[in-house]
1. How would you rank 60, 25, going from fewest to most other Cβ atoms within 10 Å of each one's own Cβ?
2. Residue 11's amide H: which non-local residues (gap 5+, or another chain) put their own amide H closer than 5 Å, with H modeled 1.01 Å from N in plane and none for Pro or chain starts?
3. Karplus couplings for the range 29-46 from phi (6.51 cos²θ - 1.76 cosθ + 1.60, θ = phi - 60°), rounded to Hz, Gly and Pro as x?
4. Could you tell me the relative contact order of the range 12-60? Use alpha-carbon pairs under 8 Å, at least six residues apart, and round to a whole percent.
5. Suppose every K and R has +1 on its Cβ and every D and E has -1 on its Cβ; what is the size of the dipole of the range 12-60 about the Cα centre, in Debye to the nearest 20?
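Please treat every number below as a calculation from the coordinates, not as lab data. What you see is a predicted model; the values in this text were computed from it and never measured. Note that we place each Cβ from the backbone using ideal geometry, even for glycine, and neighbour counts take in every protein chain shown.
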Amino acid sequence: MADTDTYSGDELLTPAQAIAVAHISKSTLLRAEGAGKIAPLRTPGGHRRYRRADVEALLSHPAA
């Protein structure tokens, strides 16, 4: 992972990390995804990953 002081907007976050960064609940993250406000990438194993820039964009539009 990237250093905590510097990061790239392309940094990928697990759902737990995205929740911590945005200070939201898991259900809020999933609602935002369902509403098309954030789109996860999928790992080859099918796990969700979110771009940090997309998660931070949710902060400017918090209503999910």
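1. 60, 25
2. 52, 53
3. 4, 5, 5, 4, 5, x, 7, x, 7, 8, 10, x, 8, 10, 6, x, x, x
4. Rounded, it is 46 percent for the range 12-60.
5. Rounded to the nearest 20 debye, it is 120 debye.
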